[in-house]
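The values are calculated or read from the model by the stated rules, or taken from the named source; none is laboratory data. Source: prediction; values computed, not measured. Here the Cβ positions follow ideal geometry from the backbone for every residue, glycine too, while neighbour counts run over all protein chains shown.
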Amino acid sequence: MKSDRAQERIVKIFREISKHPRPSGHEEKILEWLKGFARKQGWDCQQDNAGNILIRVNSEGASKTVCLQTHCDMVCEKTPEKSHDFSQDPIEVLEDGGWLRANGTTLGADDGLGMAISLFAGLAEFENKPNLELLITVDEERGMTGAQRLDENMLSAEYLINLDSDESDFIIGCAGGERAEITAKPELKDIPDGFEAAKVTVSGLKGGHSGVDIHLGRANAVVLAGELLEACSGGLGSMLASFSGGAASNAIARDAEFTLAVEDRDTLECVIETERDRIRHNFQSADPNIEIKVLEAELPEKCISSGQTGKIAKLLTSLPGGPVSYRTDMPKVVESSCNAGICSFSPSGFSLTLSQRSSNTKRLDMLNNTIENTCRRLGFECTFRGRYPGWEPAGSSDLLGKAEDAFEKVAGRPAEMEIIHAGLECGIISRKYPGIQLISMGPELKDIHSPQEKVKISSIGECFEVLNAILQKIESPVGL
């Protein structure tokens with residue numbers, strides 16, 4: 001099948017997928033659409049207790065079974081000026097200079113395009129097509145809970161091809177991870193006479209995926225807001241009224257803001273100006289469009305004390321952030337990292353969600369110990385949730401050999417193999433199904449988990465052409 005025709009049909013399916021809201025934990029609408037799509041084709045479709053869907057596509061005379069694995073949820077990020085309800089509104093998919101992107105929101109190509117490719121693989125007619133199991137998991141972006149709860153009797157495939165990679169030829173390993181949820185209930189105080197309110201905003205950051213982009217030196221808006229808050233507390237006696245920043249634990253925070261009650265607004269503005277210059281200088285290359293502003297705000301009824309304000313600031317600036325260590329066997333690959341994903345403070349309390357990743361279990365435990373000790377020292381509660389295992393490279397395998405041969409035949413060059421710091425569901429699935437052989441691949445995506453997310457259109461057809469060649473080689477290796 002010609003890749004341009006396949007590409008056109010895959011994009012059409014992706015546009016249809018994009019009409020159905022699918023935030024993590026609320027995938028009901030896309031799941032109903034997927035079940036309807038399967039029924040229309042006459043495919044067998046089952047759903048486990050976690051909500052994961054398995055669609056079986058049988059091919060006449062096939063002797064092999066391959067699982068194509070994707071996830072149906074997406075990270076929901078938008079630009080500050082964009083009005084969009086991810087629980088109701090469709091994603092507006094635009095074509096722009098050879099790329100697909102969305103209008104002011106994340107595109108959801110992670111992993112909507114993976115779903116589209118797998119569904120088209122089910123529809124496509126080609127020689128030596130194996131039986132396919134299209135596994136579509138839920139809630140991948142919040143901690144891979146769909147894969148964690150996957151029915152262990154669901155799959156029969158010998159091979160699994162994950163379609164959730166962004167631009168490498170093949171992924172053969174990834175980091176594991178966990179979330180930390182940090183909370184506190186500071187006591188609210190009356191605001192002294194003579195104080196006035198000020199809102200400080202941090203915006204214009206690039207953001208990005210907290211695994212794929214964590215090594216690029218980009219700023220995190222939650223951390224920057226913590227640095228600004230720390231500069232405003234102490235001698236200024238500022239009292240915190242509210243704080244909000246970030247949208248997803250696995251996305252580098254692009255925006256944050258906080259409101260203070262201050263005795264001397266002019267001094268506050270001087271402090272912020274000094275900090276603004278420092279921050280812009282530090283990130284002039286990696287994140288050059290940072291905006292920090294002091295705005296008018298309505299004076300709140302109550303705030304927390306300057307001492308409690310300082311503790312929140314100290315927490316945000318003391319926790320590990322960004323890359324923590326690099327692999328000794330591959331010095332350019334991040335081994336462990338920590339990302340401040342979502343932070344909020346209101347009269348109901350304080351909360352901060354971190355995403356920790358590591359390809360080394362002991363390093364992850366050490367990272368968690370550092371986080372826990374920092375929280376305990378400053379008087380915050382800390383709970384760890386959603387640990388998922390990494391995916392250790394298997395070395396050589398029958399599937400990897402077939403994939404390498406198929407790629408070289410299609411692309412005319414040897415395939416590049418990569419181990420990534422981002423998390424994939426392969427590690428979880430391989431533990432549930434010992435002996436299953438896995439690889440991961442996908443089209444070329446950029447800036448995932450941000451409103452700048454885009455996919456190179458030509459890479460969609462190229463990806464399917466390689467996938468098609470792998471599937472044929474699995475079913476009938478002789479002569480291919």
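Being surrounded by fewer than 21 Cβ atoms within 10 Å (Cβ to Cβ), out of contact with any Leu (no Cβ under 7 Å at 6 or more places or on another chain), farther than 29 Å from Gly146 by Cβ and not polar (S, T, N, Q) is a property that holds for Arg377. Counting the residues of the range 189-223 that are within 30 Å of Ser305 (Cβ to Cβ) and surrounded by fewer than 16 Cβ atoms within 10 Å (Cβ to Cβ) gives 6.
Quick check on this structure: which one of Glu187, Glu167 is among the acidic types (Asp, Glu) and in the same structural domain as Gly322 (by TED's automatic domain parsing)? Show your work before the answer.
Working: Glu167 fails: in the same structural domain as Gly322 (by TED's automatic domain parsing).
Step by step, each of Glu187, Glu167 is checked, and only Glu187 is among the acidic types (Asp, Glu) and in the same structural domain as Gly322 (by TED's automatic domain parsing).
Tell me whether the range 257-279 contains one or more residues that are over 29 Å from Ile191 (Cβ atoms) and in contact with a strand residue (DSSP E or B) (Cβ under 9 Å, 6 or more places away or on another chain). No, every residue in the range 257-279 fails to be over 29 Å from Ile191 (Cβ atoms) and in contact with a strand residue (DSSP E or B) (Cβ under 9 Å, 6 or more places away or on another chain).
Regarding the range 42-55, can at least one residue be identified that is under 30 Å from Gly204 (Cα atoms), surrounded by 19 or more Cβ atoms within 10 Å (Cβ to Cβ) and not basic (Lys, Arg)? Give the derivation first.
Of the residues in the range 42-55, the ones under 30 Å from Gly204 (Cα atoms) are none.
Among the residues of the range 42-55, not one is under 30 Å from Gly204 (Cα atoms), surrounded by 19 or more Cβ atoms within 10 Å (Cβ to Cβ) and not basic (Lys, Arg), which makes the answer no.
Report yes if some residue within the range 268-276 is surrounded by 16 or more Cβ atoms within 10 Å (Cβ to Cβ), assigned by TED's automatic domain parsing to the domain that holds Leu228 and under 29 Å from the mean Cα position of the chain (by Cα); otherwise report no. Within the range 268-276 (the criterion being surrounded by 16 or more Cβ atoms within 10 Å (Cβ to Cβ), assigned by TED's automatic domain parsing to the domain that holds Leu228 and under 29 Å from the mean Cα position of the chain (by Cα)), the answer is yes, since at least one residue qualifies. Among the residues of the range 17-44, those identified as of a type in the set (D, E, K, R) and free of Cβ contacts under 8 Å to residues at least 40 places away in the same chain are Glu28, Lys29, Glu32, Lys35, Arg39, Lys40, Asp44.
Screening Leu132 on (1) crowded, with 21+ Cβ neighbours inside 10 Å; (2) in a loop (DSSP other than H, G, I, E, B) shows it passes everything except condition (2). Taken over the range 319-337, the criterion of being within 27 Å of Glu230 (Cβ to Cβ), surrounded by fewer than 17 Cβ atoms within 10 Å (Cβ to Cβ) and not small (Gly, Ala, Ser) is satisfied by no residue.
Which residue, of Ala38, Ala50, is in contact with a helix residue (DSSP H, G or I) (Cβ under 6 Å, 6 or more places away or on another chain) and modelled with pLDDT of 95 or more? First the steps, then the outcome.
On the way: Ala38 fails: in contact with a helix residue (DSSP H, G or I) (Cβ under 6 Å, 6 or more places away or on another chain).
Result of the check over Ala38, Ala50: Ala50.
Of all the criteria given as (1) surrounded by 14 or more Cβ atoms within 10 Å (Cβ to Cβ); (2) among the aliphatic types (A, V, I, L, M); (3) not in a helix (DSSP H, G or I), the one not satisfied by Leu316 is (3).
Kindly indicate which of Lys64, Lys78, Lys82, Lys129 is in contact with a His (Cβ under 8 Å, 6 or more places away or on another chain), among the basic types (Lys, Arg) and in the same structural domain as Leu31 (by TED's automatic domain parsing). Break it down into steps so the answer makes sense when it comes.
Numbers: Lys64 fails: in contact with a His (Cβ under 8 Å, 6 or more places away or on another chain); Lys82 fails: in contact with a His (Cβ under 8 Å, 6 or more places away or on another chain); Lys129 fails: in contact with a His (Cβ under 8 Å, 6 or more places away or on another chain).
The match here is Lys78.
Where helices (runs of 4 or more DSSP H) fall entirely within the range 374-480, those with at least 1 residues that are among the charged types (D, E, K, R) and free of Cβ contacts under 8 Å to residues at least 60 places away in the same chain are at 398-411, 426-432.
Applying the condition of being under 27 Å from the mean Cα position of the chain (by Cα), part of a strand (DSSP E or B) and not hydrophobic (A, V, I, L, M, F, W, C) to the range 182-207 and asking which residue is nearest to Asn282 (Cα to Cα) yields Ser203.
One residue is enough: does the range 338-352 have a residue meeting the conditions without any contact (Cβ under 8 Å) to a residue 40 or more places away in the chain, buried (at least 16 other Cβ atoms within 10 Å of the Cβ), part of a strand (DSSP E or B) and not aliphatic (A, V, I, L, M)? It would help to see each step written out before you state the result.
Keep residues of the range 338-352 that are without any contact (Cβ under 8 Å) to a residue 40 or more places away in the chain, which gives 338, 348.
Narrowing the set further to residues that are buried (at least 16 other Cβ atoms within 10 Å of the Cβ) leaves 338.
Right, trim to part of a strand (DSSP E or B) and you get 338.
Those still in the list that are not aliphatic (A, V, I, L, M) too: 338.
Yes, the range 338-352 has at least one match.
Can you confirm whether the range 240-258 contains a residue that is touching a His at 6+ places or on another chain (Cβ under 6 Å), buried (at least 21 other Cβ atoms within 10 Å of the Cβ), in contact (Cβ under 8 Å) with a residue 60 or more places away in the chain and not acidic (Asp, Glu)? Yes, that holds for at least one residue.
Of all positions in the range 273-294, at least one carries a residue that is among the basic types (Lys, Arg) and either assigned to a strand (DSSP E or B) or in contact (Cβ under 8 Å) with a residue 24 or more places away in the chain (or both).
For every residue, the table says whether it meets (1) crowded, with 21+ Cβ neighbours inside 10 Å; (2) not in a loop (DSSP other than H, G, I, E, B).
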site	(1), (2)
Glu125	no, no
Glu140	yes, no
Ala147	yes, yes
Leu155	no, no
Asp164	yes, no
Ile172	yes, yes
Ala180	yes, yes
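Tell me, yes or no, whether the range 388-408 has at least one residue that is among the hydroxyl-bearing types (Ser, Thr, Tyr), buried (at least 17 other Cβ atoms within 10 Å of the Cβ) and within 30 Å of Thr259 (Cα to Cα). Let's see the steps before the verdict.
Just the residues of the range 388-408 that are among the hydroxyl-bearing types (Ser, Thr, Tyr), to begin with: 388, 396-397.
Of the ones still in play, those that are also buried (at least 17 other Cβ atoms within 10 Å of the Cβ) are 388.
When the remaining residues are screened for being within 30 Å of Thr259 (Cα to Cα), the result is none.
No; the residues of the range 388-408 include none that is among the hydroxyl-bearing types (Ser, Thr, Tyr), buried (at least 17 other Cβ atoms within 10 Å of the Cβ) and within 30 Å of Thr259 (Cα to Cα).
For the range 2-24, a residue qualifies if it is farther than 13 Å from Gly112 by Cβ, surrounded by 15 or more Cβ atoms within 10 Å (Cβ to Cβ) and not polar (S, T, N, Q), and the qualifying residues are Ala6, Arg9.
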